[in-house]
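Derivation of every value follows stated rules applied to the coordinates shown; laboratory data play no part. Everything quoted here is computed from the prediction, not taken from an experiment. Cβ coordinates were reconstructed from backbone atoms using ideal geometry, including for glycine residues, and neighbour counts include every protein chain displayed.
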Amino acid sequence: MTDWLLTDIADGRALRIRAGRIVEHAHGLAPNGASVLDCQGGTIEPGRVNAHTHLYSGLAPLGMPAPSPAPQHFVQILERVWWKLDRALDAQSLRAAARFYIATALLSGTTTLVDHHESPRFIEGSLDVLASACAELGCRALLTFGATERNGGRAEGLAGLGECRRFIEKNTHVALRGLVGLHASFTVSDETISAAAQLCKDLAVPMHVHVAEDRADVEDARRRGYHDPLDRLLRLSALPPGSIVAHGVHLDEAAVRRCADEGLWLVQNPRSNHGNRVGYPRSLRHSSRVALGTDGYPAVMSDEEAALTLYAKEASDDEASVAARLHAGWSLLSEHFALPFAKLQAGAAADLVVRSVHGAVRHVFVAGRLVVRDGALMAADATTIRHEAAQQAQRLWHIMATIDS
Ligand SMILES: [Zn+2]
């Protein structure tokens, strides 16, 4: 791996990268055999973390037809849009979606994607498609398959968990991690949740799951005799410390405090929550372990941060600061990769964004690898990726039109 020396940084210092980490950030450093990258007076900052998203929806911005009839509530949005799209995916469309999504992320300075994947007609091997797109373009990622029973019952749930196990056991990539995944409490039986819990225990990895995104998830858990979906997952031992709980919109204050006590990460997704009209996650103020995610929206975190600021203000939530969410995202990564991420200090992961004096993303490093240089991807051509994505999108819309909701 190339050693790098970043020079002419706005703070007057230089920064040395070796073997995936920052090793020095000081004045007057000499190249000593490292490749020199002139930052031309620009600034350096840690790369952004998108703490909950879906690469599989990467083609959606490329002209996905509106559902008809229009959905009236959250479950209908799932049934008429996302549960049709995920059933239409195959290896080709998934690869195109992932590459397009990752390219957009890296070019905007987002260096880590915490992905939650579903493709019910293409389960085994699907995480390899995502992993190879991440490895090719150079993105850090946490990958999981969200096991569910909503199409094929228990067998489908076990196949999803099997894909998590297969990927976690074989993955050796330094910038990738596998997690155990469930779609959400309301689409799985207690038996599948218990099987997921056992898998977390066997492999010593946490869970990534949607929790209380909509009131319907809470009502389902109550019908099954639990206080809410968090209570259900915890009582079935499926949320080991470090697990990622996406949304939590309809968790009450006590449940959010319980998440913090159990060492769980919550993820707020402002644009998605607003777009799906599921409500504002008011209770999240009761944990400091709340990161920011885009839930399938493009991983341009400045857009998500602007949405957080806007919707938090509308909801009179003065606790939900962008800075707090960013730091939680870096802390989440530190737990999962056993490295510091938040500061430009010796020993920290070299996941860095160099901005020009005008603020534009110019160079991006992930795990010490230069993945964007002068605003262009190093490993592939962004125009070609977009062209292939547009072609696969047309194919995907055609297949979706043949699937009943
Ligand atoms: Zn999601």
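Relative contact order, percent, of the stretch 190-242 when contacts are C-alpha pairs under 8 Å separated by at least 6 residues?
47 percent
If you take every residue apart from Arg224 with its C-beta less than 13 Å away from the C-beta of Arg224, what net charge results, scoring Lys and Arg +1 and Asp and Glu -1?
Net charge in that neighbourhood comes out at -3.
When the expected Rg is taken as 2.2 N^0.38 Å, what fraction or multiple of it is the alpha-carbon Rg of the chain? Before the final figure, lay out each step's value.
Details: Rg = 20.7 Å, N = 405, 2.2 N^0.38 = 21.5 Å.
Output field value: 0.96.
Arrange the peptides 60-67, 341-348 so that the one whose residues have, on average, the most other Cβ atoms within 10 Å appears first.
Top to bottom by mean Cβ count within 10 Å: 341-348, 60-67.
Which whole-Hz couplings ³J(HN,Hα) result when phi for each residue of the stretch 38-50 is put into the Karplus expression 6.51 cos²θ - 1.76 cosθ + 1.60, θ = phi - 60°, listed in order with x for Gly and Pro?
Per-residue couplings from phi come out as 7, 8, 6, x, x, 9, 10, 9, x, x, 6, 10, 9 Hz.
Using θ = phi - 60° and the Karplus relation 6.51 cos²θ - 1.76 cosθ + 1.60, list the HN-Hα couplings for the stretch 210-219 in order, rounded to whole Hz, with x at every Gly or Pro.
6, 9, 6, 5, 10, 4, 4, 5, 5, 4
How far apart, in nanometres, would the label points at Ala66 and Arg257 be if each is projected 7 angstrom from Cα along the Cα-to-Cβ direction?
Reported label-point gap for Ala66 and Arg257 is 4.5 nm.
Counting only DSSP beta bridges with both residues in the chain, tell me the antiparallel percent, nearest 5.
40 percent
Taking only the alpha carbons of the stretch 138-268, what extent do you get along each of the three principal axes, in Å, biggest first?
40, 32, 24
Taking 1 over the mean of 1/r across every pair of different Cα atoms in the stretch 1-95, what Kirkwood radius in Å do you get?
Here the Kirkwood hydrodynamic radius works out to 17.7 Å.
Convert each backbone phi in the stretch 284-301 into a coupling constant with the Karplus relation 6.51 cos²θ - 1.76 cosθ + 1.60 (shift: θ = phi - 60°), then list the ³J(HN,Hα) values in order as whole Hz, x for Gly and Pro.
4, 4, 8, 9, 8, 9, 10, 9, 10, x, 10, 6, x, 5, x, 7, 8, 5
How would you rank 12-18, 314-320, 350-356, highest first, on the average number of other Cβ atoms within 10 Å across their residues?
Listed from highest to lowest mean packing, they are 350-356, 12-18, 314-320.
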